[in-house]
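I have placed the structure first, in the form of structure tokens, so that the comments after it can refer back to it.
A short reminder: the numbers here are calculations on the coordinates, not readings from a lab. Note that the coordinates shown come from a computational prediction; the quantities given were computed from them, not determined experimentally. Counting neighbours? That spans all protein chains shown, and the Cβs are built from the backbone with ideal geometry, glycine included.
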Amino acid sequence: MSQIALPLDTTPKAENSGFLVTAANIAVCNQLENWQAWPHMTAILVGPQSSGKSAILESFSNDSGGYIMDDADSREDEVIFHLWNRAREEHKPLLLTSRMPVSEWGIVLPDLKSRLASSLLLELGPPDEEMIAGLMQQYFVRRGLSISEDALAYLAKRMQRSYRFVELLAAKMDNIAIEQKKPVTLAVARAALAEQQSGEGPDI
């Protein structure tokens with residue numbers, strides 16, 4: 001059994017905050033580095049649960065010195081508008097995140113609605129194979145474990161391309177490995193995937 005080894009040119013890059021960069025999110029990361037060119041110096045990052053939005057916010061705040069707001073869709077209009085004005089007054093960038101597009105936030109203030117509509121929209125798509133491999137490795141390294149190459153290859157062909165699914169499946173494999181006192185092998189991966197797909201695991 002060997003730990004999965006990715007080719008050097010496709011190995012996910014781990015940023016200081018721990019989030020990984022692959023072809024799945026490189027376009028977004030490049031835009032984040034070019035914040036001086038954003039319309040109104042404001043961008044809205046939209047992505048599903050567990051896609052790394054919070055880690056990206058932390059990294060962006062540290063690198064740019066700008067303002068950030070997580071789950072902006074759940075905030076009051078006045079709170080968002082106040083932060084927008086503060087960022088503009090101090091000539092700093094503003095990065096907001098959400099799981100849904102601005103059109104679904106229910107914004108009432110006309111001025112805020114028009115300003116958000118003209119901001120840069122960044123979208124995180126589903127994870128690619130390199131991202132899935134990197135996230136799995138990252139999870140098990142933090143747990144002091146490794147996942148076998150054949151287990152990861154098996155999962156890559158069959159599992160749902162979802163950040164949340166990767167997170168839940170990794171936790172399921174971890175639990176099974178602990179219960180059976182085994183490393184994360186192909187057998188463990190098969191059992192975990194079967195349980196998750198049958199509905200015995202936590203909801204996605």
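Remarks
- Helix content alone sets the calculated 222 nm mean residue ellipticity of the chain: runs of n ≥ 4 DSSP H residues at -39500 (n - 2.57) each, divided across all residues, give -14500 deg cm²/dmol.
- Charge sum, other residues only, whose C-beta stays under 11 Å from Phe81's C-beta, Lys/Arg counted +1 and Asp/Glu -1: +1
- Lys/Arg +1, Asp/Glu -1 at C-beta; the chain dipole; positive extreme among Val188, Ser64, Gly134: Val188
- Kyte-Doolittle mean at least 0.0 and Cα axial length at least 27 Å: DSSP H helices in the chain: none
- Neighbourhood net charge (9 Å Cβ-Cβ; Lys/Arg +1, Asp/Glu -1) for Tyr67: +1
- Dipole magnitude of region 27-95, debye to nearest 20 (Cβ charges: Lys/Arg +1, Asp/Glu -1, about Cα centre): 180
- Pairwise inverse Cα distances across the chain, averaged and inverted, put the Kirkwood hydrodynamic radius at 18.5 Å.
- Under the criterion of Cα pairs below 8 Å and six or more residues apart, the relative contact order for the chain equals 26 percent.
- Taking Lys and Arg as +1 and Asp and Glu as -1, the other residues whose beta-carbon sits under 11 Å from that of Leu94 total +3.
- Rounded to the nearest 20, the Cβ-based charge dipole of the chain about its Cα centre (Lys and Arg +1, Asp and Glu -1) stands at 380 debye.
- By the count of neighbouring beta-carbon atoms within 10 Å, fewest first, Glu129, Glu179 end up ordered Glu179, Glu129.
- At q = 0.10, 0.13, 0.15 Å⁻¹, base-10 log of I(q)/I(0) for region 25-123 (Debye sum, equal scatterers on each alpha carbon): -0.22, -0.38, -0.52
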